[in-house]
Amino acid sequence: MGMTMTQKILAAAAGLESVQAGQLIEADLDLVLGNDITSPVAIHEMDKFKNKNVFNKDKIALVMDHFIPNKDIKSAEHCKCVREFACKHEITNYFDVGEMGIEHALLPEKGLTVAGDVIIGADSHTCTYGALGAFSTGVGSTDMAAGMATGKAWFKVPSAIKFNLIGKPSKWVSGKDVILHIIGMIGVDGALYKSMEFTGEGVANLSMDDRFTIANMAIEAGGKNGIFPVDEKAIAYMKEHSKREYKIFEADEDAVYDAEYTIDLSTLRPTIAFPHLPENTKTIDEITEDIVIDQSVIGSCTNGRIDDLRVAASILKGRKVKKGIRCIVIPATQAIYLQAMEEGLLKIFIEAGAVVSTPTCGPCLGGYMGILADKERCISTTNRNFVGRMGHVGSEVYLASPAVAAASAVTGKISAPEELGM
């Protein structure tokens, strides 16, 4: 029986010739990730171990990103805990104020994730790195603690769903629209504990930023991971950002999939997830009434990369955010922030009436920098729109692409760029 791309990576990491879906394995880890919320829990778990040392100070990444710069005393204490741990164990890849970024944008940018890696992170959106052909998945803080101490993790080998992408997206359709379309199609549990494997000639028409967005939201369909083939774009990205060797794994021709879907990217339209689940999707053409908003957020580990900011700026240039609407733009990393500044994007945002934040997860999880009050509506490029996700339980979050979020900030209601004559 043939193996999928994910199964081949896991077999290699476990030192086995082959694995099959449902098999329990122990795999070597290439990277263990934690942030300022999840790392303290893992650190306190490690305090209970007999061996309190880390397995490899170069293969652990600790990223302060959720409440950085610290928003209150509790977040300051969390960061102090992680800072002291990083110093004690001489953690190479510790990122704090001044060099931080949103973890899932920062680690690929720093070259810490490459094809063939096995990566765990105490954050559910660790599946982002599948865009580079790595197996990456979110785990609990206890598993993170065990991973930091041993360099190993137990996995149940996932079965897979194959998504055959064909065609080329139209101008205002991006990776966010692709993954929202898929989640709307299969549901938030449609890929439960399965590998979502994206393939087909249409992959070549997706930028790396598109792929990061799609892999990032695999978890929103219940997926164990999302993964893309390693093509010329992926190789070029890794060569630009990393000095590490990468390993290319390809699915066998007779690999077994639980289901296969073909998606013609050319037929997709800007897609919005209505409250309160990512599967509750409508295309912009299916919205029959004005959805008036109070806030627009452009950023997060899903859509805070340079392509996202360029698209938003192209729409906001020469226009104004509608009076009474709060538009918050959050570059995902310091490097992206700097590039956006050098390209003049920040000037466009500020002149349009938006605010630009330091890199942070911030409002995505109802943290800070954009909390919603009762009955307020936000259109957001983030990845979850659960009840109370961005603030009050009576608020509403609509998930969309940077193009739709920017256009909506101008009109004051959920809108496509076409409505602005673009």
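Overview of values
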| quantity | calculated |
| --- | --- |
| Qualifying strands (runs of 3 or more DSSP E) (wholly inside the stretch 3-85; at least 3 residues being buried (at least 23 other Cβ atoms within 10 Å of the Cβ) and modelled with pLDDT of 95 or more) | 31-35, 60-63 |
| 3 or more residues open to solvent by 10 Å² or more (accessible area, probe 1.4 Å) and at pLDDT below 95: qualifying helices (runs of 4 or more DSSP H) within the stretch 308-422 | none |
| Some residue of the stretch 99-108 being in contact (Cβ under 8 Å) with a residue 24 or more places away in the chain and either part of a strand (DSSP E or B) or open to solvent by 20 Å² or more (accessible area, probe 1.4 Å) (or both) | yes |
| Residue ranges of helices (runs of 4 or more DSSP H) in the stretch 162-243 with at least 2 members under 24 Å from ALA416 (Cα atoms), modelled with pLDDT of 95 or more and open to solvent by less than 50 Å² (accessible area, probe 1.4 Å) | 175-186, 208-216 |
| Residue count for the stretch 125-153, restricted to those that are open to solvent by 20 Å² or more (accessible area, probe 1.4 Å), polar (S, T, N, Q) and in contact with a Lys or Arg (Cβ under 9 Å, 6 or more places away or on another chain) | 0 |
| In the stretch 269-290, the residues that are in a loop (DSSP other than H, G, I, E, B) and either open to solvent by 10 Å² or more (accessible area, probe 1.4 Å) or farther than 20 Å from LEU316 by Cα (or both) | ARG269, PHE274, PRO275, HIS276, LEU277, PRO278, GLU279, ASN280, ILE287, THR288, GLU289, ASP290 |
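The values are calculated or read from the model by the stated rules, or taken from the named source; none is laboratory data. Bear in mind the structure is a predicted one, so any value in this text is a computation, not a measurement. All Cβ positions, even for glycine, are placed from backbone atoms using ideal geometry, and neighbour counts span all protein chains on display. With ligands, DNA and RNA removed, areas are computed over all heavy atoms of the protein, side chains included. Shrake-Rupley method; radii C 1.70, N 1.55, O 1.52, S 1.80 Å.
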